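Peer 1: One structure, as structure tokens, below. Some questions next.
FYI, it's all coordinate maths here, none of it is from the lab. Fair warning: this is a prediction, and the values are worked out from it, not measured in the lab. Cβ placement follows ideal geometry from the backbone for every residue including glycine, while neighbour counts extend to all protein chains displayed.
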Amino acid sequence: MSNVDLSVQVGPLKLRNPIMLASGTVGYGNEMAEFIDLNKIGGIVTKSLSLKPRKGNPPQRIVETPSGMLNAIGLANVGVEVFLKEKIPFLKKYDVPIICNIAASSIEEYVECTKILTEEEAIKAFEINVSCPNVKEGGLQFGNDVSAVGKITHKIKAVTNKPVIIKLSPNVSYISEFAKAVKTEGGDAVSAINTLVGTAFDIKTRRPKIKNITGGLSGPAIKPIAVAKVLEIKRNVDIPIIGIGGIMNWKDVVEFMIAGASAVELGTLNFIDPAAAIKIIESLEQYCIDQGIEKISDVTGSFKI
Ligand SMILES: Cc1cc2nc3c(=O)[nH]c(=O)nc-3n(C[C@H](O)[C@H](O)[C@H](O)COP(=O)(O)O)c2cc1C
């Protein structure tokens, strides 16, 4: 044990370390618990929940691409009611902040979901997905519209006292304008980024490899874009940022933090190595020791330009 302080603060949310698991890549936590001790990570973000259960898109829903993958799951999930009855009891056995991710096809649905979930004491914060590229209604329809993102933030803040993190889309020209709207309307933090719209064709059938035609690109291919988006937000808006996109190891985490992230989320990496989170936390501690860093939070936004 060293004296390094790995704890970070994301607005009002205190985490024991900056490593969280990203929405949609760890379900509701039960499979992950077979690989890692959930008590050791900074936080877990659940699969996007909607008011009613959703079946999602028909297959093929996932395809591998160079340095990444495309997915068009279409927000398949059990809905808030089943989540509260059947899924959260498992997660509550662990001492890990549960961040509930919400997706919706109308502003009213976002508000309704938040109202129901905020009653559950074990939920420590909300991450609002306004940026899913794989659904017809909701998703990017909101994520591309600054005033809609502001309105959603405002209405959700009105029905919960818990921290509200808005998950932003990279499929826009200036992501910082969206972060500004979140800040103005009282949002506590932003997470960046969700996936980038992409597609791939089978050259023999000439059909898209994904049934939905387009999907969301994730994995190492998107990391430089994600770091640039975090930096853009950091340089323009005073709001805590959670960095997401293509993190494969501890060095990537440090890069995101230097660019301005207070914490990060691991996504695609969980499919490659479900135990990666723990290794990354240990390596981050070693990095701090080697660099003489007492508090990892000092790394946030420490870029030199
Ligand atoms: C299979 C899959 C499903 C996802 N589902 C969701 C989701 O339900 N809600 C959400 O906000 N993001 C979802 N995401 C996006 C991730 O949380 C993350 O923002 C994105 O994958 C970029 O990070 P990465 O490159 O580390 O994977 C999903 C990503 C993948 C690969």
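Peer 1: Taking 41 Å as R0, compute the FRET efficiency from the Cβ-Cβ separation of N161 and Q141 and round it to 0.05. Show your work: numbers first, answer last.
Peer 2: Details: r = 28 Å, r/R0 = 0.69.
So the FRET efficiency works out to roughly 0.90.
Peer 1: Okay, moving on. Could you tally the net charge around S106, taking each other residue with its Cβ under 10 Å from the Cβ of S106, Lys/Arg +1 and Asp/Glu -1? Spell out each step's value before the answer.
Peer 2: Details: positive: none; negative: E108, E109, E112, E137.
Charge balance in the 10 Å sphere: -4.
Peer 1: May I ask which residue of I233, I203, S218 lies farthest towards the positive end of the charge dipole of the stretch 173-277, with charges of +1 (Lys, Arg) and -1 (Asp, Glu) on Cβ and the Cα centre as origin?
Peer 2: It is I203, whose Cα lies furthest towards the positive end.
Peer 1: Return the ratio Rg/(2.2 N^0.38 Å) for the stretch 19-161, where Rg is computed over Cα atoms only. Before the final figure, lay out each step's value.
Peer 2: Numbers: Rg = 15.1 Å, N = 143, 2.2 N^0.38 = 14.5 Å.
In units of the globular-protein estimate, the stretch 19-161 measures up at 1.04.
Peer 1: Could you please rank I247, I156, placing first whichever residue has the fewest other Cβ atoms within 10 Å of its Cβ? Could the numbers behind the result be given before it?
Peer 2: On the way: I247 28, I156 25.
The fewest-first ordering by Cβ neighbours comes to I156, I247.
Peer 1: If you don't mind, there's one more thing I want to ask. So what does the Cα-only Debye profile of the stretch 30-111 read at q = 0.19, 0.20 Å⁻¹, as log10 I(q)/I(0), no solvent term?
Peer 2: Log10 of I(q)/I(0), two decimals: -1.00, -1.05.
Peer 1: Taking the Cα centroid of the stretch 83-104 and of the stretch 249-297, what is the distance between the two, rounded to the nearest whole Å?
Peer 2: 24 Å
Peer 1: So for the stretch 97-219, averaging the separation of alpha carbon pairs under 8 Å that are six or more residues apart and normalising by length, what relative contact order in percent results? Kindly include the intermediate steps, with their values, before the conclusion.
Peer 2: On the way: 231 pairs, mean separation 27.4, N = 123.
Averaging sequence separation for qualifying contacts and normalising by length gives 22 percent for the stretch 97-219.
Peer 1: How large is the charge dipole for the chain, taken about the Cα centre, if only the Cβ atoms of Lys, Arg (+1) and Asp, Glu (-1) carry charge, to the nearest 20 debye? Spell out each step's value before the answer.
Peer 2: Working: 35 positive and 32 negative charges, 183 e Å.
Computed about the Cα centre, the dipole is about 880 debye.
Peer 1: In square nanometres, what is one fourth of the surface area of the convex hull spanned by the alpha carbons of the stretch 101-260?
Peer 2: Values: hull surface 40.9 nm².
Value for the stretch 101-260: 10.2 nm².
Peer 1: Please give the length that would be gained between S302 and E81 if that part of the chain were fully extended, namely 0.36 nm times their separation in residues minus their C-alpha to C-alpha distance (nm, one decimal). Each step should come with its number before you reach the end.
Peer 2: Values: separation 221, 0.36 × 221 = 79.56 nm, distance 4.25 nm.
Fully extending the segment from S302 to E81 adds 75.3 nm.
Peer 1: If you wrap the chain's Cα atoms in a convex hull and average its projection over all directions, what's the area in nm²?
Peer 2: Numbers: hull surface 60.4 nm².
For the Cα atoms of the chain, the hull's average projected area reads 15.1 nm².
Peer 1: What relative contact order, as a whole-number percentage, does the chain give when Cα pairs under 8 Å and 6 or more residues apart are counted? Can you show the working numbers first?
Peer 2: Details: 708 pairs, mean separation 64.2, N = 305.
Value for the chain: 21 percent.
Peer 1: On to the next question. Can you put I44, I116 in order, fewest other beta carbons within 10 Å first?
Peer 2: Values: I44 25, I116 17.
So the residues, fewest neighbours to most, are I116, I44.
Peer 1: To continue, here is another question. Tabulate in residue order the Karplus-calculated ³J(HN,Hα) for the stretch 95-100, using 6.51 cos²θ - 1.76 cosθ + 1.60 with θ = phi - 60°, rounded to whole Hz; enter x for Gly and Pro.
Peer 2: 9, 9, x, 9, 10, 8
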